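Note sheet for the following structure.
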Amino acid sequence: MSEFDWYLQLNLKARHLRLLVTIDTYRNLTQVADVTHVTVPAVSKSLSELERGLGLTLFSRTAQGLTPTPYGECLVRHARSMLTILHQARDELKALSSGTEGKVNVGMLPASGSVLLPPALTILKQRSPGTNVMVSEGTSAVLLPELWQGHLDLIVGRLPPPDALGSFEEKALLEEPVVLVTGPQHPLARKRQVSWSDLTPYPWILPPPGTIMRDPLERALEAHDVPLTNNYIETLSVPVARAHLHVSDFIAVMSGMSANDPTQPLHVLPLSLPRLLRATGVLWNRNRGLTPSARLMVSCLEEAAEQLMNPGGLNPEAPPAAKAKRSQ
């Protein structure tokens with residue numbers, strides 16, 4: 001056996017595969033170090049050891065970052081396939097050993113996913129009580145690295161800008177407008193006609209800086225000459241925003257479905273915002289694929305979206321045959 005064969009067959013480990021895929025995704029040692037939670041010298045050393053063991057140059061070092069050589073492209077392609085198989089085997093073995101039908105780890109973007117995910121979980125438990133779910137709430141900046149690293153199977157919520165590197169697969173499920181809202185006691189709620197200039201005196205509940213909605217909202221308000229005051233609250237929590245709107249003169253921005261909750265109604269201001277955001281949907285790592293439990297969760301999300309758009313058109317207690325067909 002040659003030294004090359006020995007290293008490839010006996011010394012190449014899963015951590016090498018993960019390193020290759022991560023470097024190919026980010027093409028930047030600093031970003032790779034941030035994602036993998038190690039130092040830049042440690043990443044560089046690991047890559048150099050791998051190349052020395054194989055006797056091949058896998059990435060070219062340039063001022064713009066790292067570029068895979070033909071050898072690197074070949075090995076990265078196979079590394080992605082092998083990692084997908086390993087992750088799927090791990091998840092299915094865990095499910096078998098725990099006596100459940102499976103488990104799916106879902107990240108939820110709170111301002112938008114909170115509308116779609118709860119009914120989807122209800123449908124999931126009706127279809128498959130033994131399929132368990134771990135829900136983690138956070139911003140896209142927190143959840144996307146978790147999805148990439150395999151700690152999450154899916155992210156549910158407002159779809160982020162398209163991934164230029166093509167690392168993620170997405171499915172748009174729910175188109176809903178973004179609206180400006182107040183509490184029912186707000187002075188603007190009693191006006192028959194409201195203009196943009198009427199918003200100027202009032203404080204705001206804003207999405208935090210760096211979140212999907214913040215920059216588009218600021219641009220829309222600027223286009224209508226509405227300055228943001230220094231009196232504001234920043235949160236992605238719909239319950240917090242809703243509760244504060246009911247006891248204050250603040251203005252907030254919400255998805256139409258969040259604003260129209262009949263249990264705690266808000267007043268929607270008659271001002272049209274441009275399309276600030278993409279659709280609400282589900283996102284997963286294309287390099288990992290979907291486990292059977294994750295595929296079932298996606299199917300339940302699709303059915304929940306249909307119910308939200310057409311409340312009388314679907315029955316969650318569908319016959320088993322229909323359920324099975326939809327889950328395929």
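The values are calculated or read from the model by the stated rules, or taken from the named source; none is laboratory data. Please read these numbers as outputs of a predicted model, since none were measured by experiment. Note that each Cβ is placed from the backbone with ideal geometry, even for glycine, and that neighbours are counted across all protein chains shown. Heads up: the accessible areas ignore ligands, DNA and RNA and are worked out on the full protein's heavy atoms, side chains in. Shrake-Rupley method; radii C 1.70, N 1.55, O 1.52, S 1.80 Å.
Tell me which residues, restricted to region 226-239, are over 19 Å from VAL268 (Cβ atoms) and free of Cβ contacts under 8 Å to residues at least 12 places away in the same chain.
Matches in region 226-239: ASN230 only.
Looking only at region 266-306, count every residue that is open to solvent by 20 Å² or more (accessible area, probe 1.4 Å), among the charged types (D, E, K, R) and in a helix (DSSP H, G or I) and tell me the total.
3
Take the residues of region 231-261 that are farther than 15 Å from LEU199 by Cβ and more than 27 Å from the chain's Cα centre (by Cα): which is surrounded by the fewest Cβ atoms within 10 Å (Cβ to Cβ)?
Residue satisfying both the conditions and the ranking: VAL247.
Can you tell me which residue in region 41-58 is most open to solvent (accessible area, probe 1.4 Å), limited to those that are under 17 Å from ASP5 (Cβ atoms) and small (Gly, Ala, Ser)?
That would be GLY55.
Consider SER44 against the criteria (1) outside any helix (DSSP H, G or I); (2) touching a helix residue (DSSP H, G or I) at 6+ places or on another chain (Cβ under 9 Å); (3) not basic (Lys, Arg): it satisfies all of them except one. Which criterion is unmet?
Result: SER44 passes all but (1).
Regarding GLY113, is this residue touching a residue at least 60 places away in the same chain (Cβ under 8 Å) and at positive phi?
In short, no.
Take the residues of region 8-18 that are open to solvent by 20 Å² or more (accessible area, probe 1.4 Å), assigned to a helix (DSSP H, G or I) and not small (Gly, Ala, Ser): which is nearest to VAL142 (Cα to Cα)?
ARG18
So for region 142-153 (the condition being touching a residue at least 40 places away in the same chain (Cβ under 8 Å) and touching a Cys at 6+ places or on another chain (Cβ under 8 Å)), does at least one residue qualify?
No, every residue in region 142-153 fails to be touching a residue at least 40 places away in the same chain (Cβ under 8 Å) and touching a Cys at 6+ places or on another chain (Cβ under 8 Å).
Filter region 248-265 for residues that are touching a Ser or Thr at 6+ places or on another chain (Cβ under 7 Å) and either hydrophobic (A, V, I, L, M, F, W, C) or outside any strand (DSSP E or B) (or both) and give the result.
ILE251
Restricting to region 162-209, name every residue that is more than 30 Å from TRP148 (Cβ to Cβ) and among the small types (Gly, Ala, Ser).
Once the filter is applied, which keeps residues that are more than 30 Å from TRP148 (Cβ to Cβ) and among the small types (Gly, Ala, Ser), region 162-209 yields GLY183, ALA189, SER195, SER197.
Yes/no matrix, rows are residues, columns are (1) of a type outside the set (D, E, K, R); (2) buried (at least 20 other Cβ atoms within 10 Å of the Cβ):
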residue: LEU117; (1), (2): yes, yes
residue: GLN126; (1), (2): yes, no
residue: SER140; (1), (2): yes, yes
residue: LEU143; (1), (2): yes, yes
residue: GLU169; (1), (2): no, no
residue: LEU173; (1), (2): yes, yes
residue: PRO184; (1), (2): yes, no
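Please go through region 191-228 and give me each residue that is open to solvent by 20 Å² or more (accessible area, probe 1.4 Å), among the small types (Gly, Ala, Ser) and outside any loop (DSSP other than H, G, I, E, B), ordered by number.
If the condition is that a residue be open to solvent by 20 Å² or more (accessible area, probe 1.4 Å), among the small types (Gly, Ala, Ser) and outside any loop (DSSP other than H, G, I, E, B), then SER197, ALA223 are the ones that fit.
Please enumerate the residues belonging to region 59-89 that are open to solvent by 60 Å² or more (accessible area, probe 1.4 Å), out of contact with any strand residue (DSSP E or B) (no Cβ under 7 Å at 6 or more places or on another chain) and of a type in the set (Ser, Thr, Tyr).
Of everything in region 59-89, those that are open to solvent by 60 Å² or more (accessible area, probe 1.4 Å), out of contact with any strand residue (DSSP E or B) (no Cβ under 7 Å at 6 or more places or on another chain) and of a type in the set (Ser, Thr, Tyr) turn out to be THR62, TYR71, SER81.
Is it the case, given these coordinates, that THR30 is in contact with a helix residue (DSSP H, G or I) (Cβ under 8 Å, 6 or more places away or on another chain), under 22 Å from ASN285 (Cβ atoms), among the hydroxyl-bearing types (Ser, Thr, Tyr) and open to solvent by 20 Å² or more (accessible area, probe 1.4 Å)?
So THR30 passes the test.
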